[in-house]
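Colleague: Just passing along the structure, written as C-alpha cells.
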Amino acid sequence: MSSIRKTITHALVATATLATLGIVVPQASAAENPSIAGVAISPKASAATRALAAMDPKAVQDTASLCGAGYTLELVERLPDARRFGTLFQYQNHASNECVLFDNNLATSKYMRLSVCETDDGHRACSTDAGNFTQYAGPVRVTYGFCSRITAIMKNSAGDSDSSALINRVAPAVPCD
C-alpha cells in the first residue's frame, strides 16, 4: 500500500472513530463560520470546547437562547472535571459583552453562585446570580467590554464553606486568559 493511501486510510479510520464517539472534528477556519445547533462558535474556541459543544448541541442552543441574539460560543467547560456536576458556558457578542451560564447537571437542587467581574477597571463591576437551583445559574453579564474573571461555585447548601464545594472554579474569561 502506498504511503498516500495509508495516510488517507488512517485519516478515514480516525474520523470514523471520532464520529462513533460522538465527537465532531472542528471546522478548519473561522472563514467557514462553524456553528453547533445554529450557534456560532468563536474562531478562538479551543478544540475541547468544540468537542464538548458537539456532544451536547441542545445544551449549547438552550444556553445561547438565554443570552439572546448575536452571541458566539467562547467556552464550554465540564466542572469540576469529567464527572460533570456542572457545565460552564461562556458567550461573547460583537461588542465584547460577556454572557455566562452555569448548568446544574446533578438534577437536584444545589446552592450555586456564578459571578462575572471585570478585571480591567478600578471599580470592578460584577454581575452575580446565586441561590438554590435545579437547572442553572445565570445568565450573568459584563457589558463593558473589559476582560473579566468568572467564578462558578456549587455546594450542597449555602452554609457550606467554599473549601467543601463540589465545584469552585475561579479563572479569567476566554479570551482574556
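Where a number appears in this text, it was derived from the coordinates with a stated rule and is not lab data. None of the values given here were measured: they were computed from a predicted structure. Here the Cβ is made from the backbone with ideal geometry for all residues, glycine too, and neighbour counts use every protein chain on show.
Colleague: Charges at C-beta only: +1 for Lys and Arg, -1 for Asp and Glu. How large is the resulting dipole of segment 49-177 about its Cα centre, in Debye rounded to 20? Before the final figure, lay out each step's value.
Modeller: Numbers: 12 positive and 14 negative charges, 66 e Å.
Computed charge dipole of segment 49-177: roughly 320 debye.
Colleague: Per-residue counts of other Cβ atoms within 10 Å, averaged by peptide: what ranking do you get for 64-71, 146-153, highest first? Could you put the intermediate results ahead of the total?
Modeller: Values: 64-71: 16.5, 146-153: 21.9.
With the highest mean Cβ count within 10 Å placed first, the list reads 146-153, 64-71.
Colleague: Can you list the residues, at least 5 places off or on another chain, whose amide H is less than 5 Å from the amide H of Ala173, using H built in the peptide plane?
Modeller: Sorted by chain and number, the residues that satisfy this are Ser148, Arg149, Ile150.
Colleague: Take the alpha-carbon positions of segment 59-177, form their convex hull, and give its projected area averaged over all directions (one quarter of the hull surface) in nm². Spell out each step's value before the answer.
Modeller: Numbers: hull surface 28.1 nm².
Projected area, direction-averaged: 7.0 nm².
Colleague: Segment 31-120: D in µm²/s via Stokes-Einstein (Kirkwood Rh, Cα pairs, 25 °C, 0.890 mPa s)?
Modeller: Working: Rh = 13.6 Å.
The diffusion coefficient I find is 181 µm²/s.
Colleague: Would you tally the net charge around Asn132, using a Cβ to Cβ cut-off of less than 14 Å, leaving Asn132 out, and scoring K and R as +1, D and E as -1?
Modeller: Numbers: positive: Lys110, Arg113, Lys155; negative: Asp129, Asp160.
Net of charged neighbours comes to +1.
Colleague: How large is ³J(HN,Hα) for each residue in segment 77-84, as worked out from phi by the Karplus curve 6.51 cos²θ - 1.76 cosθ + 1.60 (θ = phi - 60°), to whole Hz, x for Gly and Pro?
Modeller: Values, residue by residue: 9, 6, 10, x, 6, 4, 5, 6 Hz.
Colleague: So, one more: So what are the ³J(HN,Hα) numbers for segment 34-44, from phi and the Karplus equation (6.51, -1.76, 1.60; θ = phi - 60°), rounded to whole Hz, Gly and Pro as x?
Modeller: With coefficients 6.51, -1.76 and 1.60, one gets x, 8, 10, 6, x, 9, 5, 10, 4, x, 8 Hz.
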